[in-house]
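One structure below.
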Amino acid sequence: MIDPVFIDTHCHFDFPPFSGHETEGLALAAAVGVRHIIVPAVEAERFAAVLALADAHDALYAALGMHPIAITRHDDAGLALLAHHLRQPHPRLVAVGEIGLDNYMAEPMMARQEALLAAQLQLAGRHDLPVILHSRRTHDRLAHILRRHDLPRTGVVHGFAGSYEQAAAFIKLGYYIGVGGTITYARANKTRRVMARLPLNRLLLETDAPDMPVSGFQGQPNRPERLRVTFASLCELRPEPPEQIAEIIYRNSLDLFGLPCR
């Protein structure tokens, strides 16, 4: 097998343990074929840092968005700052994200989450950018909202761990499904079965580093180079040869985010 190349479509490289050690982290990733990494911001105060990272390192691309987990800290000024950045042409800015819905918190403030999500979806559509979507205990509600926002570039539901039917609903709307480290755990039977059945041309690979540790590295921050562990697990689940899996998922990533690294 020719050594495959990968794109980590979701890594919070602006957080520890990567911040301050970017060159080392990128070298470790490149050594196992992780050629590029998309770094989604989670709050307005991190927009400038994420853009600066992408400017400083050819391997990195930026996404800007306001994560639902920080809903109490988001405000109109943050949304205005997002709109400002999206109006400025920036070759390293490839998506709006991480945005979405989260119903796991004690006080989720869902009405406020949904209003913020709708505003960011509108911005993504206006600027012809795909979205990187967070969804925790909200898949059906998120799909309902996406039906009302016909985005020209759609996006990805990242770190997916829902049912096959829920994944199929997102795919029917034109969205991709993010395959993360959950599938490296033998006990994750539902998610593993889902990823085995979904069309390969709708899958992306991601780490969500430093979150979502893969099996064998529990209790440690996840890292972009461990995308290879998730890839190996996916190959065990799929009928296609590894070369085909790697090539199609790589092309999916290029196509969705409009990356020039062909």
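Before moving on, here are some points about what is shown:
- Neighbour net charge for ILE99 - beta-carbon separation under 12 angstrom, K R +1, D E -1: -4
- When the Cα positions of ALA27, THR9, ILE177 are compared along the charge dipole of the chain, ILE177 comes out farthest toward the positive end, with charges on each C-beta of Lys, Arg, Asp and Glu.
- Residues whose amide H comes within less than 5 Å of that of GLY100, counting only those at least five positions distant or on another chain, are HIS134 (H built at 1.01 Å from N in the peptide plane).
- Point-to-point label distance, ARG73-LYS190, nm (Cα→Cβ direction, 7 Å offset): 3.0 nm
- Each residue of segment 201-215 was assigned a 3J(HN,Hα) from its phi angle through the Karplus curve 6.51 cos²θ - 1.76 cosθ + 1.60 (θ = phi - 60°); the sequence is 6, 10, 10, 10, 9, 7, 10, 6, 4, x, 8, 6, x, 8, 4 Hz, with glycine and proline shown as x.
- Annotation: Cα Rg of segment 6-257 relative to the compact-globule expectation 2.2 N^0.38 Å equals 0.94.
- For segment 6-257, size of Cβ-based charge dipole, Lys and Arg +1, Asp and Glu -1, in debye: 780 debye
- Distance between segment 1-28 and segment 131-186 - C-alpha centres, whole angstrom: 24 Å
- Charge tally in the Cβ shell below 15 Å around LEU173, where Lys, Arg are +1 and Asp, Glu are -1, LEU173 excluded: +3
- Note, ³J(HN,Hα) from phi for segment 49-66, Karplus 6.51, -1.76, 1.60, rounded to Hz, x at Gly and Pro: 5, 5, 5, 5, 4, 5, 5, 7, 9, 4, 6, 9, 10, 10, 10, 10, x, 10
- Residue-averaged 222 nm ellipticity for the chain, from DSSP H runs of 4+ at -39500 (n - 2.57), nearest 500: -12000 deg cm²/dmol
- Unit charges at the beta carbon, dipole of the chain: most positive-side option, PRO91, PHE231, GLY219: PHE231
- Interatomic Cα distance distribution for segment 120-196, bins of 5 angstrom, percent: 3, 16, 27, 23, 15, 9, 4, 2, 0
- Cα Rg over Rh - segment 19-81, Kirkwood: 1.06
- Taking 0.692 mPa s as the viscosity and 37 °C as the temperature, the Stokes-Einstein diffusion coefficient of segment 13-131 based on its alpha-carbon Kirkwood radius rounds to 220 µm²/s.
- Centre separation in Å (Cα based) which lies between segment 49-111 and segment 204-235: 23 Å
All of the numbers you see were taken from the coordinates with simple rules; none came from a lab. Only a predicted model underlies this, so the values are computations on that prediction, with no experimental measurement involved. Cβ sites come from the backbone with ideal geometry, for glycine too, and all protein chains shown count toward neighbours.
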